[in-house]
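**Q** A single structure is presented below for examination.
The values are calculated or read from the model by the stated rules, or taken from the named source; none is laboratory data. Quantities reported herein were computed from a predicted structural model and do not represent experimental measurements. Ideal geometry is used to build each Cβ from the backbone, glycine not excepted, and the neighbour counts take in all protein chains shown. Just so you know, the surface numbers come from the protein's heavy atoms only, side chains and all, with ligands and any DNA or RNA stripped out. Shrake-Rupley method; radii C 1.70, N 1.55, O 1.52, S 1.80 Å.
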There are 4 protein chains.
Amino acid sequence: MSESLQELSDRLQRFAQERDWEQFHSPKNLSMALSAETGELLEHFQWLNEEQSQHLDDDKKEAIALEMADIFIYLVRLAERLDINLMDAAWQKIAINEKRYPVEQVKGDARRAEEY
Amino acid sequence: MSESLQELSDRLQRFAQERDWEQFHSPKNLSMALSAETGELLEHFQWLNEEQSQHLDDDKKEAIALEMADIFIYLVRLAERLDINLMDAAWQKIAINEKRYPVEQVKGDARRAEEY
Amino acid sequence: MSESLQELSDRLQRFAQERDWEQFHSPKNLSMALSAETGELLEHFQWLNEEQSQHLDDDKKEAIALEMADIFIYLVRLAERLDINLMDAAWQKIAINEKRYPVEQVKGDARRAEEY
Amino acid sequence: MSESLQELSDRLQRFAQERDWEQFHSPKNLSMALSAETGELLEHFQWLNEEQSQHLDDDKKEAIALEMADIFIYLVRLAERLDINLMDAAWQKIAINEKRYPVEQVKGDARRAEEY
């Protein structure tokens, strides 16, 4: 993976600027677009069982990769508009989750944190 | 940004393995978790107007960064489970969008592609 | 409105049975289908401002009505599968919200309950 | 079920008016609130398998009924703001689906319409 998140973010900003689309890219609107794309992702999985969802044919996998790209793209756009460093936020969240879900307490149990 | 997507993905896989959570991380389930997190992101923006969504106070921005981290984390987990290269998919999608939305045709107009 | 929720629910169950689709209609799957449909609803509103969202042309309004119908249909299906009375649940939730958001305390303020 | 959709809609409008919340209830914002609530519904089902999702204990079922109530409430609010008759739209959509998915063609097969 040679391209960095920063390069991707810059490219997406340029794409929006060239089309005069930044006026539509408020954080509110981008959160909606991001969520709409996750709906399209769900649509691919909704009638599959878990086992089937792990063994997709190539066409389906390709379509899903492009839906995931859309989600990723809007997430990176939103991070840029809010001046949030997505990678730093992810590592910060992992540190929080390490404390919230200690290995010895949650092993093999996926109940939500607040249910403990 | 020193850490790469690959390092993040490896760390998340280890987090799941240590907790014996990989059994829950079918692509179907991960798509649901990803979508549930986008719901939490929307919740932060739903009663703000677009202008307000661009000017968040520090507490709100911090909370939103952590919601975006959750989305990012599940997206990276899902990509790993499906053996999809997220960064490659994003650049592939940009190439598709370049053709679908030619600058001269869509400038300043955010209508969806299928409406043209 | 002459038809009742019960008649709608019965009709939807018959629709699924005729197609041998009840096997796909687990609560888990129906929650995904419901959520995927809300994504399609969001797509109609994501680039509109709030004012525009209140003044839709007839074609757009018709399309949105059918998306809302999809959401309604999956919600009624899910209620049937879980033996939940949707109308009773709604009135129960209103009673809860009456206590959670006392008029004198929240007037003109849409912040979420937990932020008080 | 003694209460009608119209009574529910009127009650919800009064709830919003008493709190001066109608200013926040643009169709755009309501679509976001509706979608955020479907995220909370997904959260209940994301780590369950299909079989488990059909056999919920009473506490979980009660919590899910209230999430579904939230979705229903925002859907009814949105219909009121857009002057859409939700029940009519549902029956109209059933008629469309009858043509789109003929019994003899789709029996036992849940693939999406566009895949035929």
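**Q** For the protein assembly as shown, what does the alpha-carbon gyration tensor say about shape, rounded, prolate or oblate, given a ≥ b ≥ c as the root eigenvalues, a/c under 1.5 as rounded, and a/b over b/c as prolate?
**A** rounded
**Q** What do you reckon, how do C:Arg14, A:Arg77 stack up by accessible area (1.4 Å probe), largest on top?
**A** C:Arg14, A:Arg77
**Q** Taking each residue in D:51-57, count the Cβ atoms of any other chain within 10 Å of its Cβ, then average. What number comes out?
**A** Mean number of neighbouring Cβ atoms from other chains: 3.
**Q** Angle, helix B:27-45 long axis vs. longest principal axis of chain B, Cα atoms, 0 to 90°, nearest 10?
**A** Helix B:27-45 sits at roughly 50 degrees to that axis.
**Q** Using θ = phi - 60° and the Karplus curve 6.51 cos²θ - 1.76 cosθ + 1.60, what whole-Hz ³J(HN,Hα) does each residue of region B:87-99 get, with Gly and Pro shown as x?
**A** With the stated coefficients, region B:87-99 comes to 5, 4, 4, 4, 5, 5, 5, 4, 4, 5, 5, 4, 6 Hz.
**Q** Per residue of A:81-88, count partner chain C-beta atoms within 10 Å of its C-beta, then hand back the mean as an integer. Please list the in-between numbers first.
**A** Working: counts 2, 8, 2, 7, 2, 7, 9, 5.
Mean shielding by partner chains, rounded to a whole number: 5.
**Q** Using a 10 Å cut-off around each Cβ of peptide A:89-100, what is the average number of partner chain Cβ atoms that fall inside?
**A** 5
**Q** Through the Karplus equation 6.51 cos²θ - 1.76 cosθ + 1.60, θ set to phi - 60°, convert the phi angles of region C:106-111 into ³J(HN,Hα) values in whole Hz; use x for Gly and Pro.
**A** Karplus-based 3J(HN,Hα) across region C:106-111 equals 10, 3, x, 10, 9, 4 Hz.
**Q** On the protein heavy atoms, probe 1.4 angstrom, tell me the percent of accessible surface of region D:35-116 carried by carbon and sulfur.
**A** 43 percent
**Q** Sort chain C into rounded, prolate or oblate with this rule: let a ≥ b ≥ c be the square roots of the eigenvalues of the Cα gyration tensor; rounded if a/c is under 1.5, and if a/c is not under 1.5, prolate when a/b is larger than b/c, oblate otherwise.
**A** It is oblate, given that a/c is not under 1.5 and a/b is not larger than b/c.
**Q** If ligands, DNA and RNA are left out, what is the accessible area of D:Leu5 with a 1.4 Å probe, given in Å² to the nearest 10?
**A** 20 Å²
**Q** Still on this structure, please answer the following. If you put +1 on each Lys and Arg Cβ and -1 on each Asp and Glu Cβ, how big is the dipole of chain C around its Cα centre, in Debye rounded to 20?
**A** Taking the Cα centre of chain C as origin, the dipole is about 520 debye.
**Q** Considering chain A as a Gaussian network with a 10 Å cut-off on Cα pairs, which listed residue, A:Ile94, A:Ile71, A:Ile84, attains the greatest mean-square fluctuation?
**A** Maximum fluctuation in the GNM of chain A, among the listed residues, is at A:Ile94.
**Q** Considering only A:His25, A:His44, A:His55, give the residue with the highest GNM mean-square fluctuation for chain A, with springs between Cα atoms whenever their separation is below 10 Å.
**A** In the Gaussian network model the winner is A:His55.
**Q** Taking only Cα atoms and a 10 Å spring cutoff, compute GNM fluctuations for chain A and point out the largest among A:Leu78, A:Leu12, A:Leu66.
**A** Result: A:Leu66 has the largest fluctuation of those listed.
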